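Reviewing the structure listed below.
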4 protein chains.
Amino acid sequence: MRFTSDNTATVSPEILSAIVEANAAPTTPYDGDPWSSRLSEVFSNFFGAEVEAFAVTSGTAANSLALACMTPPFGAVVCHREAHINVDECGAPEFYTGGAKLLLAEGRCAKITPESFAAVLADMRVGDVHQVQPKVLSLTQATELGCVYTPAEVAALAGAAKARGMTVHMDGARFANALAHLDCHPADITWKAGVDALSFGATKNGALAAEAVIFFNRDLAAQFPFRRKRGGHLLCKGRYISAQLLAYIETGLWRRNAERANAMAQRLAQAARGRLLYPVEANELFLNVGIEGARQLRAEGFEFYDWGAEGSGQIRLVVSWDQVEVHVEALAAALESLPV
Amino acid sequence: MRFTSDNTATVSPEILSAIVEANAAPTTPYDGDPWSSRLSEVFSNFFGAEVEAFAVTSGTAANSLALACMTPPFGAVVCHREAHINVDECGAPEFYTGGAKLLLAEGRCAKITPESFAAVLADMRVGDVHQVQPKVLSLTQATELGCVYTPAEVAALAGAAKARGMTVHMDGARFANALAHLDCHPADITWKAGVDALSFGATKNGALAAEAVIFFNRDLAAQFPFRRKRGGHLLCKGRYISAQLLAYIETGLWRRNAERANAMAQRLAQAARGRLLYPVEANELFLNVGIEGARQLRAEGFEFYDWGAEGSGQIRLVVSWDQVEVHVEALAAALESLPV
Amino acid sequence: MRFTSDNTATVSPEILSAIVEANAAPTTPYDGDPWSSRLSEVFSNFFGAEVEAFAVTSGTAANSLALACMTPPFGAVVCHREAHINVDECGAPEFYTGGAKLLLAEGRCAKITPESFAAVLADMRVGDVHQVQPKVLSLTQATELGCVYTPAEVAALAGAAKARGMTVHMDGARFANALAHLDCHPADITWKAGVDALSFGATKNGALAAEAVIFFNRDLAAQFPFRRKRGGHLLCKGRYISAQLLAYIETGLWRRNAERANAMAQRLAQAARGRLLYPVEANELFLNVGIEGARQLRAEGFEFYDWGAEGSGQIRLVVSWDQVEVHVEALAAALESLPV
Amino acid sequence: MRFTSDNTATVSPEILSAIVEANAAPTTPYDGDPWSSRLSEVFSNFFGAEVEAFAVTSGTAANSLALACMTPPFGAVVCHREAHINVDECGAPEFYTGGAKLLLAEGRCAKITPESFAAVLADMRVGDVHQVQPKVLSLTQATELGCVYTPAEVAALAGAAKARGMTVHMDGARFANALAHLDCHPADITWKAGVDALSFGATKNGALAAEAVIFFNRDLAAQFPFRRKRGGHLLCKGRYISAQLLAYIETGLWRRNAERANAMAQRLAQAARGRLLYPVEANELFLNVGIEGARQLRAEGFEFYDWGAEGSGQIRLVVSWDQVEVHVEALAAALESLPV
C-alpha cells in the first residue's frame, strides 16, 4: 500500500483515451498539430485571460525553462529553502538560466512570507555589479509541505516582488490540488494575484507526462520556443503531450482527481489529528508517529518516506489520485490505533 | 497524402499496448520501475555487449546529453555540415556541453569520409590552448540525406578518431532504417566498429516519444544520470518511456517498421530512377523533379518539402512506417508519369 | 630578430608613465576611480559620438563580453572562417554567450563580402525554432590576414545585417593599424558605418594589457558591467588599465605606434613585392618565399611563423610598434636577395 | 584618510620595478616568456612541494577558474555564507562551473566549523540524481571577517571533506595576511593540511593586478590552461603579470607588506578593544562604534564602510599595506577618545 509519492500513480483513463484518439492519423509534427495549436486558447479560457501556453514533459523542464525566460544569467531567483527547484532538480534552474543563483527564503510550511522575502532582499545590493540581481520570485503552490497560499498571500508576495522590479513564477506541480483546496477561480491565485508565469503540473495528478508552462505576462514568452527546442523539450510528436493537457482541462479531470486525492488526505488527517506537523491543505501529510509508530505502520504493509532528521519519527504520506480507498481506510485505522 | 517526414507518423499499436500494460498499477517513479530497470539488459542482448542504456523523449535530448558526457566545454565535435546536431537542434549540443564547438566536415550524401575528417583535423592544433580541442566524432546513421554507412566505413572513421584520442558518437535517429538496410548485426555498426555512444531512435519509427542513449563505452556513462536529471529529461513516470523501448526491441517492431518503410522507399526510388540525387538506402528520397514537376505532384495531392536552393526543383520525400500503401503506389505512378 | 607577432612587443613608455602616475595615491577601487570615470567621455570625443566604454585586459574578453551582450544563447554570430573569435579563442564566445553558434563566412583576405554574408544567411531559416537565429555580424578590422575594410565596405555589410535585424560587432584588436591605414575619422568605420559595438585593442600596439569595449549602441551596454564582473574581468585596481587607455588615446600614441608599424610593413612589402599573398594594409605580411627561402631567412636570424599548409613555403611576418629599424632593413634586404 | 578597503591601495615599488624590468625586450607572448615559465618552480619552492601555478589578474577569476577545474556542473561547492564567492562575485563561480551550486555553511567570524560543514552535508543525498553533489569545500583564508584558520582547523575541515570524496579549495585573496599572522610555513595551511588548490592573492597586498592559482593536487590542473584561455584570462603579454608574482614572492614583499598591514591593524585593535566584533587576525577590523561614533569618526576625516544592518552602528576598517602611519595613529586616537 503505497503512500510514497503521487509520482508512483498510474495514468487516468481519460488521458490514455486522449492519446489513443490523437493517434488516428498522421499530422504535423512538433507543435504544429491541432492539439498543440489549441493549447493557448484552452488555457486562456481556463484562466480567463489571454495566455501563451507550451507543453513539456517534466516539472523540472517547466520550471527551468520558465525561469530561463525570466532572469539573465547574472540574476537571482528567490525561492523557499524547501523549494523543489532548490532541493530536487539537480541544479536544472542554474543550468537553464546560464548560472543564475537561487536565494533561499525561510517560512513555516515551506511558505515564503512577506517578512522572509524582505529578509532575503535586505542582504542584496541592487545595481551593484558585485552581486547577482534578484529578478524573480518563485512560489510553490501547493508547497513541498502540502500547504497552500491563499489568493491574498500570493498577491501580497507578488506585489512586494513587483515593487522591486521582479517578476513572479509559480511552481504548480500540484496546482490542481491547491486550486481544489481553495475552491477559487484559477485566476485568483495566478494573474489576478500578480503571477507572470506558471508551471502547471498534470503528471502527478493523472497525466502520463504532461506539464504546461503558462505565460500570463506574454512578453516573457518570446524566447520560450527557442529555449524549449534547445533544451530538447520540443517533442517530435508533440500532439501526444498536448492531447493529455487538453483532456486534463476540458474533461474536468484536473478537478476530479485533485478533489479525490485531497479528500482522502483529509480522511487521513482526521485520523492523525494531533500528529500533524503542518496543516493538510493538499494531498500530502507530514506526521510525527515516532520511530516505533513508523515501524509498526510499515509492518502493516504501508509504504512511505521518513521525513526530517534521522530518528525524528516523522513521516510523509502522499495520497495519489488513484489511491485505493480501502488502503486509505486501512491506513486511517492504523493511524488511529497507534499508541499516543 | 503526406510524405513530409516520418515524424508526422502515428504510434504503432504495439507501443500503445505497452503503455497501457505499464499502467496496470502504481510503481516506483523515475527509472526505478521494472521496465526502466530492464533497459540496459535488453539493449545489452540486442547489441551483444554489456551496455548502459537510458531513456529520453527526444532525439535532440539524446544527442546533446550523450555529447555532454563525451567532451569538456573547451572540446569540439566533428560532424557533417548537414548533421541534425548542427542544423536542426537550435544549438542544443552547445547548450548541453557548456559551449563546445561543432567542426563541420564535408562529404557526399551527408557522409563524412576519411578524407573530409582528416581535412577538418588538419586545421586544428592539438594541445594549443587557443583552440577548442577535437574530442568527439559524431556520425549520423542513416544520414540526413538517406544514406547509410557500411560497417567498414564506420570502422574506418572511428579508427581515425581513436587514433586522435577522440571518442565516437552515432546519431541513430533512423538507426533501425539503417540496420534494416544493411541487414547486419547491430554490433557491426556500433561497438565492433568503434562507436562509444549511440542515440538510438524509436520515435520516428513507431514509438510515441522514446529514444535511448546507449553507452558501449560504459566509462562515459557515469555523468549521464545527473546530466539527464539536470536537463529535465528524467521523467517522473519513466516507465511509460522505457516500456515503449522494450516493446520496440522485444517484439521486433523496430525491424518490421523499418523494413516496411525502406521497402516503400525503394518502390518510389524505382519509380523515380533517373531523378535521384542520392542513393536511397533508408526511408528518404531526394529527387530532382523540376519546378513544374513539384507543382504537378502537389496538385495531385502529395505533400512534401522542397529541397536545396529555391527554384532548384529538388524535393524530399520521406516514407513513414505507417505510410498507406495506396498512397505510395499513387505517388510512384505520379513520379513515373512526370515528363522527363 | 622577431617578426612572429605584435604580442611579443614591449610596452610603450607613455603607457608605463601613465601607470606610474596612476600610482600616486590610493583611490576608489574597481572602476570608480578618476581614470575609469573618464573613459566614456574620452572615447566619446575620440569617436565623435556618445559612447559607453569599458576596460578589460584581453582581446578575447573584449570580444566575448561584447558578443554576450548582443546575442541570446540561441542566437548566432556570423564571422569570417579565419576570424580570431572562431580560430583562436578556445570557444570563449560560445562560453560567454551561453552557447551561441558562430556561422562562418568565406572571403579573400579574411574579409567577409556582401555575397559571402548573404550565402551564410541563405542557409538559415529565420524564426524557425529548430535553428539558432543569426543575431550578430562580427567583422575584424584589420583582418587576420592584414587587410582593411573601407568605410564603404563596412557600411554595406552592416546595412545588410541591419536589414536582417542583426547588430554589428567589430573586432578591433588592430583597429589602430586599420585606422592609420585608412587615414579616416574613427567614426567612418564604426558608428557612421553601422557598427554597434567595438573591441578596441591597445595591447598589441603598445599597451601592457588594455582593451576597451565601446558601445555606440548604448542600449546594448546595460548588461555589460554585470557580465564583466561575472567573467572576472572587473579589476580590483581598475585605474591601472583605464590609465593605459587614456594615455593611448590622449597622447596620440595609438596613431604614432600604428603608423610606425604600418610604415615598416610597407617597407617590407616593397622588398617582397611579387611574393605577397594579400595586400599589405596594416602591420602583417603574408608571403610566398618557398621552403628554401624560409630556411634561408631563418638561417639569417629572422623569426616568424610558417603559414598555410605544411610545405607551402608561405610565411607570416608581423611588424610591431617597437620593431628595431635595422632589423626591418635587414629583413628587407634579405627578402630582396631571395632567389626568385 | 581611507580605511575602506585594501583594494584602494597603490602598487608597491618592487612591483612597478618588476614590470619595468620585464619591459626590456620583446619576448614570447602568453605564458611562454621567461617570467611565466618560472612561476611553477618559484611557487614550488615557496610551498615546499611540486605545484602547478598559473597567473590571472583578478581574485574572481582565480576562484572561479579553480572551482571550474574541481566540480562538474552538477556538483556543489560548500562555502561560508559570507564567502566572497557567494556574496561578491556576481555569480562568477556559477558561470565558470557551468551552473554548480554553492551550499552555504554558517560559523562565527565567517569560519566554517566541522559542525557547520557537517550540517550542510547532512541535508544532501549522495548519489541521488535529484540533487547536486557536493564536490568541493572552499575556505577563505583570511576570512571575510578578518579571521584566520589555524593549520589544525584547515586540516580538520579538509579531512572531513576528503572523507566525503570532496576536494578542497582555498580562497587566499588575503593569504599573505593570514600567513603573516600565523607565522607558519605556507605548507602548513595548504597542502600539508589537505588543500588541493589555492587562489593566491597579491593584488590587495601590493601588486598591480596579479593572482596565482596554485594546484597542489596537480591532477586538477589539466583543464586549467584551456579554461583560462576560454575565459579570456590568458593575457597576450603575460610576462607583466608573472613578473609581479615573482617579485612578490622572491623579494619577500608578500611578508613585508602583510606584516605591516597586520601590525597597524593590531594598533587599531588595541585602541578599539571593547568594541571588536571579531578577533583581529589579519588587516581588517569590525567594530561597534555606535551611530554617533561613526558620524564622529567621519567628521574627523576617516573613510570606512558601515557594516551589518542599517543603524547597527557597526563599521569595518581595512588597513592597507601602504596605509600612512600618521593616519593610523590618528584613527587610533580617535577610537580611543570615542565615548564608551
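The values are calculated or read from the model by the stated rules, or taken from the named source; none is laboratory data. Because the structure is predicted, anything quoted here is derived from the model rather than measured. Here Cβ is always computed from backbone atoms with ideal geometry, including for glycine, and neighbour counts include all displayed protein chains.
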Confirm whether A:Val326 is without any contact (Cβ under 8 Å) to a residue 60 or more places away in the chain and in contact with a strand residue (DSSP E or B) (Cβ under 6 Å, 6 or more places away or on another chain). no
What number goes with the only condition from (1) more than 9 Å from chain C (Cβ to nearest Cβ); (2) polar (S, T, N, Q); (3) in contact (Cβ under 8 Å) with a residue 60 or more places away in the chain that D:Thr97 does not pass? (3)
Only one residue in B:Leu246, B:Leu297, B:Leu285 is of a type outside the set (Val, Ile, Thr), on the phi < 0 side of the Ramachandran plot and not in a helix (DSSP H, G or I). Which one? B:Leu285
Would it be correct to say that B:Arg108 is in contact (Cβ under 8 Å) with a residue 40 or more places away in the chain, of a type in the set (D, E, K, R), surrounded by fewer than 20 Cβ atoms within 10 Å (Cβ to Cβ) and more than 8 Å from every other protein chain (Cβ to nearest Cβ)? yes
Among the candidates C:Ala247, C:Ala261, C:Ala272, C:Ala299, single out the residue that is out of contact with any His (no Cβ under 8 Å at 6 or more places or on another chain) and farther than 21 Å from D:Pro26 by Cβ. C:Ala272
So, D:Ala207, is that one in a helix (DSSP H, G or I) and touching a residue at least 40 places away in the same chain (Cβ under 8 Å) or not? no
Need the failing condition index for B:Ala142 against (1) in contact with a Phe, Trp or Tyr (Cβ under 7 Å, 6 or more places away or on another chain); (2) farther than 20 Å from B:His233 by Cα; (3) surrounded by 21 or more Cβ atoms within 10 Å (Cβ to Cβ), just the number. (1)
Here is a list of conditions, (1) out of contact with any helix residue (DSSP H, G or I) (no Cβ under 6 Å at 6 or more places or on another chain); (2) assigned to a loop (DSSP other than H, G, I, E, B); (3) within 11 Å of chain C (Cβ to nearest Cβ), and D:Lys229 meets all of them except one; can you say which number that is? (2)
Go through segment D:1-25 and report how many residues are at the interface with another protein chain (Cβ under 7 Å from one of its Cβ atoms) and either in a helix (DSSP H, G or I) or buried (at least 23 other Cβ atoms within 10 Å of the Cβ) (or both). 6
Taking the options D:Val78, D:Val148, D:Val129, name whichever one is modelled with pLDDT of 95 or more and within 21 Å of A:Phe74 (Cα to Cα). D:Val78
Restrict the check to segment A:113-123 and report whether at least one residue is in a loop (DSSP other than H, G, I, E, B), without any contact (Cβ under 8 Å) to a residue 24 or more places away in the chain and under 24 Å from C:Pro225 (Cβ atoms). yes
Scanning for something crowded, with 23+ Cβ neighbours inside 10 Å and either assigned to a strand (DSSP E or B) or out of contact with any Leu (no Cβ under 8 Å at 6 or more places or on another chain) (or both), does segment A:215-222 turn up at least one residue? yes
C:Arg255 passes all but one of the listed conditions (1) part of a helix (DSSP H, G or I); (2) over 24 Å from D:Pro29 (Cβ atoms); the exception is number (2)
Kindly indicate whether B:Ile315 is in a helix (DSSP H, G or I), among the aliphatic types (A, V, I, L, M) and either touching a residue at least 24 places away in the same chain (Cβ under 8 Å) or closer than 30 Å to B:Trp35 by Cβ (or both). no
Segment C:26-49: number of residues that are touching a Lys or Arg at 6+ places or on another chain (Cβ under 7 Å) and more than 7 Å from chain D (Cβ to nearest Cβ): 3
Please work out if B:Leu268 is touching a helix residue (DSSP H, G or I) at 6+ places or on another chain (Cβ under 6 Å), under 22 Å from B:Ala110 (Cα atoms) and assigned to a helix (DSSP H, G or I). yes
Just to be sure I understand, how many residues within segment B:150-198 are part of a strand (DSSP E or B) and within 28 Å of B:Asn7 (Cα to Cα)? 7
When restricted to C:Leu245, C:Leu268, the only residue away from chain D (no Cβ under 14 Å) and under 15 Å from C:Ser17 (Cα atoms) is C:Leu245
Residue list for segment A:111-139, filter: buried (at least 24 other Cβ atoms within 10 Å of the Cβ) and either farther than 28 Å from A:Pro151 by Cα or facing another protein chain (nearest Cβ under 8 Å) (or both): A:Val132
Using the structure shown, decide if A:Lys204 is among the basic types (Lys, Arg) and within 14 Å of another protein chain (Cβ to nearest Cβ). yes
